[in-house]
Amino acid sequence: MEEQNPSPTFLKRLFTKRFTKDLVFSLIFLSFFYMLTHNPIVRPMSELPNGVWSIEIMQHPLVFGLAGHNYLVLRNSDRTIVRELHGLATDREKGTWKYIGAKSTDVLQVWEFDSPRNYQAEKRFPRIILAQGSEQAMYALWAQAGSCKDRINTKNTPYPPLGFSLRNETENSNSVAYTLAKCMGQEVEHLGLFTPGSKTDLLQK
């Protein structure tokens, strides 16, 4: 039995002026949203250098690209990430990190990863190169960040629920990335669209 094509009457009822208007508006909104969250200003992609080591600040996009989680990476001359520094919500009692901090007892801690983990960033996340040079020079800078890691962790800064605060100055993962970059003597350009805490120096308070 042959399938019957939709009748012209059905199509006419489907594509009403209201439906067509809403469809066009939705497409325009989605196009605007994509351009807002996927452009070189909001999501810079620094060209990776050849044959040298580099330290970068990267951002893991969150909430469809509206927000982001900033962190530092150390990349070798083969462009492979060998170490990462993240500021993460940490369970004060268990001493374990979590992706999202929602408990009032969670604290902000710096975690260093040197093996494949869920946060290992081989994806094309937005990035800005902070420094590049020899392996020895980059490890020396990385060690400077490491020296501030312990100072930040000792503060046991309360982690704001869901990563941002409306009442006080936000101190979160973005603040950790900014502070560690400052410890290396590096200036950090703005990365992402909405990144609360990205200009908060945790060691100047």
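The values are calculated or read from the model by the stated rules, or taken from the named source; none is laboratory data. All of these numbers come straight from a predicted model, not from anything done at the bench. Every residue, glycine among them, receives a Cβ derived from its backbone with ideal geometry; neighbour counts consider all protein chains shown.
Where the second residue is at pLDDT below 85 and of a type in the set (Ser, Thr, Tyr) and the first is in a loop (DSSP other than H, G, I, E, B) and lies in region 89-106, which pairs have Cβ atoms under 9 Å and are six or more apart or on separate chains?
From residues that are in a loop (DSSP other than H, G, I, E, B), the pairs are 99/119.
Out of the residues in region 90-102 that are closer than 23 Å to residue 61 by Cα, exposed (fewer than 13 other Cβ atoms within 10 Å of the Cβ) and of a type outside the set (Val, Ile, Thr), state the one that is modelled with the highest pLDDT.
By that ranking, first place goes to 99.
So, of the residues in region 162-205 that are of a type in the set (Val, Ile, Thr) and within 22 Å of residue 105 (Cα to Cα), which turns out to be modelled with the highest pLDDT?
It comes out as 176.
If a residue must be assigned to a helix (DSSP H, G or I) and surrounded by 14 or more Cβ atoms within 10 Å (Cβ to Cβ), how many such residues does region 145-169 contain?
The number of residues fulfilling the criteria is 9.
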